[in-house]
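Rule-based calculations on the coordinates, nothing more; no lab input. As the structure is a computational prediction, the values presented were derived from the model and not from experiment. Don't worry about glycine lacking a Cβ; one is built from the backbone with ideal geometry, like all the others, and counts go over all protein chains shown.
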Amino acid sequence: GNWGIWDMPFFQFALDEINKWSSPFFATIFSINSHHPYNVEKWFEEKYPDLDILDRTVRYMDYVLQQFFKNAAQQPWFDETLFVICADHVGLNRDKKYKTKVGQYSIPILFYDPGNIKAEVASKLIQQTDILPSILDYLNYDLPYAAFGQSIFGPSTARYGFMLDGIYQIVDDEYILFFNEEESVGLFNFQTDHFLKNNLLEKLPTVRDRLERQIKAMIQVHHQGMIFNNLSVIKN
């Protein structure tokens with residue numbers, strides 16, 4: 001009644017469709033049940049009547065993924081497939097830190113290869129635009145391609161995250177800078193100042209200038225690519 005159909009039957013439908021393809025293949029499944037308005041199927045709501053909408057929709061999504069991977073594990077392509085699970089943004093929550101400019105984009109991204117990736121938590125900064133380079137790197141793809149991010153499996157280098165929510169934002173492992181396309185207007189250490197109360201813009205000029213150069217470069221590359229239609233690798 002809102003965004004689409006229930007995730008449980010949709011994930012099974014997607015699996016049935018994938019099984020019609022030959023390997024190798026690429027597939028994307030866009031789930032919706034953990035998004036507002038947080039509805040779940042009637043039978044699942046009746047099964048957990050005492051849970052609030054947040055707990056119930058997360059439990060439902062967990063069950064959907066459990067059943068999907070249970071069925072996918074029986075397929076011949078399963079052990080040779082890299083699965084990537086990624087959120088869009090933070091939704092309904094009970095922790096105030098997820099309501100900040102940093103927190104609302106603090107999302108999980110999981111890379112799962114049943115036979116090859118060891119279970120661990122990566123502490124390095126990663127953003128959604130890093131998914132494409134990470135997949136291609138993992139597949140040992142060695143031809144040119146265009147991407148804004150960098151592989152999470154590559155060598156350890158300086159990493160940044162970029163957001164646009166009314167104003168340009170750039171984060172590194174410690175700071176967030178706000179840039180209005182004309183000048184920087186805020187710099188905060190989100191690791192120690194979770195609610196971004198202490199503006200360090202004038203106190204840390206070196207950090208400010210470093211982040212400002214990065215965000216300007218990203219804006220320039222993106223805008224030029226869109227204006228001149230060259231956001232792709234050009235072959236000579």
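Tilt of helix 7-18 relative to the longest C-alpha principal axis of the chain, in degrees (0 to 90, nearest 10)?
Between helix and principal axis, roughly 80 degrees.
Enumerate the residues in segment 147-185 having an amide nitrogen under 16 Å from the point lying 7 Å beyond the Cα of residue 209 toward its Cβ.
184
Using the Cα gyration tensor of segment 102-200, with a ≥ b ≥ c the square roots of its eigenvalues, what is the shape: rounded (a/c below 1.5), prolate (a/b larger than b/c) or oblate (neither)?
Numbers: a/c = 2.79, a/b = 1.77, b/c = 1.58.
Taking the square roots of the gyration eigenvalues as a ≥ b ≥ c, segment 102-200 is prolate.
Against the longest principal axis of the chain, how steep is helix 53-72, in degrees 0 to 90 to the nearest 10, with axes from Cα atoms?
The angle comes out at about 70 degrees.
How much length is gained if the chain between residue 22 and residue 77 is pulled fully straight, taking 0.36 nm per residue apart and subtracting their Cα-Cα distance, in nm to one decimal?
Full-extension gain reported as 18.9 nm.
Just want to confirm a number: the relative contact order over the chain, from Cα pairs under 8 angstrom separated by 6+ residues, in percent.
11 percent
Give me the number: length gained by fully extending residue 45 to residue 116, i.e. 0.36 nm times residue separation minus the C-alpha to C-alpha distance, one decimal in nm. Kindly include the intermediate steps, with their values, before the conclusion.
Numbers: separation 71, 0.36 × 71 = 25.56 nm, distance 3.69 nm.
Gain on extension, residue 45 to residue 116, equals 21.9 nm.
Given labels modelled 7 Å from the Cα in the Cβ direction, how far is it in nm from residue 189 to residue 147?
With each label placed 7 Å out from Cα toward Cβ, I get 3.3 nm.
Can you work out the FRET efficiency for the pair residue 219 and residue 198, with r the C-beta to C-beta distance and R0 = 35 Å, to the nearest 0.05?
Numbers: r = 26 Å, r/R0 = 0.74.
Efficiency, from the Cβ-Cβ distance: 0.85.
What is the Cα centroid distance between segment 1-77 and segment 197-236, reported in whole angstrom?
Value for the Cα centre distance between the two parts: 37 Å.
Filter 42/70; 99/216; 101/216; 70/118; 42/118; 20/124 down to the pairs with a C-alpha to C-alpha distance above 29 Å, please. Present the calculation step by step, with values, prior to reporting the outcome.
Working: 42/70 23 Å; 99/216 26 Å; 101/216 19 Å; 70/118 19 Å; 42/118 37 Å; 20/124 37 Å.
Table pairs above 29 Å Cα-Cα are 42/118; 20/124.
Label points 7 Å out from Cα along the Cβ direction at residue 139 and residue 231: separation in nm?
2.0 nm
Need one number: nm distance between label points at residue 86 and residue 67, each 7 Å from Cα along Cα→Cβ, rounded to one decimal.
The answer from the label model is 2.7 nm.
When a/c reaches 1.5 or more, the comparison of a/b and b/c decides; with that in mind, is segment 16-121 rounded, prolate or oblate per its Cα gyration tensor? Could the numbers behind the result be given before it?
Numbers: a/c = 2.30, a/b = 1.43, b/c = 1.61.
Verdict is oblate for segment 16-121.
Only one of the values (1) 7, 26, 30, 23, 11, 3, 0; (2) 6, 24, 30, 26, 12, 2, 0; (3) 7, 25, 24, 12, 9, 9, 8, 4, 2, 1, 0 was calculated from this structure for P(r) over Cα pairs in 10 Å bins from 0, in percent; name its label.
Correct label, based on the coordinates given: (2).
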